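Contents: one structure, followed by commentary.
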Amino acid sequence: MKITYIYHSGFLVESADAYYIFDYYRADFPVTDADKPVYVFVSHRHPDHYNPYVFEILREKKVRRMTGIISYDIKPRNYTSHMEGVEIIAAEPDKEYTLDNGALVRTLRSTDKGVAYVVTFDDGGVPRSVYHAGDLNDWVWEGEDERVNKWMTGSYRKYLTPVEGMHFDAVMVPVDSRQGDDMFRGIEYLLEKVKADAVYPMHYWDKPEVIMQFAGKYPQYADIIRYTEDRMDRYSVIEDKNPREIVLLRGSGCVYKKCTFCDYYSDSGKDEDVNYMINRAALSQVTGKYGNIEIINSGSVFELDKRTIELIKKRCAECMIHTIHFEAHYLYNNRIEDLRREFADFELKMKLGLESFDYDFREKILHKGIPEKDPEVISRNFDEANFLFGIRGQTEDGMRKDIELGLANFERICINIMCANSTGIKPCKRVIKKFVRNIYPEYKDNERVDILINNTDFGVGD
Ligand code: SF4
């Protein structure tokens with residue numbers, strides 16, 4: 001199951017065989033498999049929860065099977081032309097519905113308009129359960145009549161009774177900063193009453209800082225709070241060559257930032273608390289399946305915060321991981337020994353972003369910032385290296401030479417094919433064609449060579 005925050009209270013939940021969209025308001029979302037059915041849930045009629053244009057977006061994405069689960073407070077006369085031809089289930093409070101893929105939908109009464117949803121479904125053999133509150137919340141307001149606030153709290157607690165004691169893979173709950181000191185009342189009570197593996201604060205009106213405030217005030221939930229705004233895929237498993245888990249973490253950002261072909265250092269942030277929350281969520285998915293993990297960030301491992309480094313050690317030890325792969329720029333060459341000492345309980349494999357052994361190409365065109373020419377010196381502290389192919393000026397002989405030198409000087413190499421990005425360095429179709437036709441077949445089965453035709457081929461990033 002994969003959960004993507006869309007905007008405000010909008011989420012996309014993808015299971016093995018379906019998509020579930022909750023409270024679409026605005027912004028695009030990644031429905032990429034048009035063969036899967038899409039179930040669109042609308043909790044109530046407020047315009048920040050009900051935007052029927054979502055069905056038009058799904059049509060543009062060539063989705064064929066769509067069902068709307070529309071709260072009863074939206075009357076059929078308020079359905080729009082975008083909903084024509086869509087099967088609609090009008091959802092009443094405190095009811096159960098079975099969708100045509102077998103998913104079970106349970107509705108709760110709301111303290112505002114409409115309903116909240118509990119959806120239970122099969123995810124490739126794994127039972128899943130998610131809760132989306134809509135506007136079901138403890139809407140206590142400062143200055144409101146005390147009796148009204150008391151009634152609100154009582155109603156909120158009563159309406160949640162059906163889910164008490166339940167386990168959820170994920171809960172999506174309002175944290176509305178307009179409530180001031182009372183904004184955590186609803187989420188706090190819910191988390192006391194249910195067991196949630198992940199909690200996504202929502203409805204915070206573009207003020208994501210409330211997530212950090214919540215995390216600071218309730219450290220007991222530190223491991224389950226998700227930084228809703230983070231939309232990156234941060235965890236994947238590489239099953240074929242050198243099987244391993246791979247995690248994309250967030251650091252303070254590349255200190256070098258001069259490589260002419262690179263614009264992916266934007267996945268970074270100066271707020272260590274936010275980075276740590278994102279990293280903790282990513283690392284919580286690690287299972288230790290292969291005892292082997294690759295940990296990357298947009299930059300070098302030395303740009304991860306101290307708490308994240310400690311968490312990596314802890315998580316890897318818990319999951320019986322024996323080998324950790326990190327990446328670093330050459331400018332950190334003299335810190336690698338210390339890092340190996342710090343991770344003495346693990347076998348550390350250090351990967352260098354080398355791109356090419358051709359000094360002139362690497363330094364005059366790519367501005368890689370590696371002053372050495374001698375392959376033996378360059379590889380001294382590194383076990384693995386990245387190479388970049390598919391740029392104008394590269395020849396078949398040159399690429400072959402890089403691969404052979406790479407295999408002679410490193411344990412493993414990873415070939416990245418240049419992809420279009422916002423930099424002035426463009427992929428060259430002619431060079432890529434040469435690589436794919438003449439070189440790729442020779443190395444595609446080589447256990448020591450990873451080849452990434454697209455930069456998301458490892459399953460992380462965006
Ligand atoms: S390729 Fe790596 S070292 Fe170079 S600018 Fe990008 S993140 Fe920094």
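The values are calculated or read from the model by the stated rules, or taken from the named source; none is laboratory data. What you are looking at is a predicted structure, and each value in this text was computed from that prediction instead of being measured. Here the Cβ positions follow ideal geometry from the backbone for every residue, glycine too, while neighbour counts run over all protein chains shown.
A few comments on the model shown:
- Of the listed requirements (1) surrounded by fewer than 20 Cβ atoms within 10 Å (Cβ to Cβ); (2) in contact with a Gly (Cβ under 9 Å, 6 or more places away or on another chain), ASP23 misses just one: (1).
- On the stretch given as the stretch 374-398, residues that are surrounded by 13 or more Cβ atoms within 10 Å (Cβ to Cβ) and more than 24 Å from ILE324 (Cα to Cα) total 7.
- Test: residue in the stretch 48-55 that is in a strand (DSSP E or B) and β-branched (Val, Ile, Thr): no
- Qualifying residues in the stretch 203-258 (those that are among the basic types (Lys, Arg) and surrounded by 18 or more Cβ atoms within 10 Å (Cβ to Cβ)) - the one farthest from the ligand (Cβ to nearest atom): ARG226
- Out of ARG335, ARG307, ARG340, ARG280, sole residue that is free of Cβ contacts under 8 Å to residues at least 24 places away in the same chain and over 17 Å from ASN386 (Cα atoms): ARG340
- When the stretch 184-203 is filtered for residues that are touching a strand residue (DSSP E or B) at 6+ places or on another chain (Cβ under 8 Å) and hydroxyl-bearing (Ser, Thr, Tyr), only TYR200 remains.
- Some residue of the stretch 295-303 being closer than 30 Å to ARG392 by Cβ, within 16 Å of the ligand (Cβ to nearest atom) and touching a His at 6+ places or on another chain (Cβ under 6 Å): yes
- Consider the stretch 279-290 and keep the residues that are part of a loop (DSSP other than H, G, I, E, B) and touching a helix residue (DSSP H, G or I) at 6+ places or on another chain (Cβ under 9 Å). The one that is nearest to the ligand (Cβ to nearest atom) is VAL286.
- Selection of the stretch 365-385 for residues being assigned to a helix (DSSP H, G or I), closer than 23 Å to ARG448 by Cα and within 16 Å of the ligand (Cβ to nearest atom) yields only ILE378.
- Filtering VAL63, VAL13, VAL105 for residues that are under 26 Å from ASP169 (Cβ atoms), in contact with a strand residue (DSSP E or B) (Cβ under 6 Å, 6 or more places away or on another chain), outside any strand (DSSP E or B) and modelled with pLDDT of 95 or more leaves a single hit, VAL63.
- Flag for MET399 being aliphatic (A, V, I, L, M), touching a residue at least 40 places away in the same chain (Cβ under 8 Å) and more than 16 Å from the ligand (Cβ to nearest atom): yes
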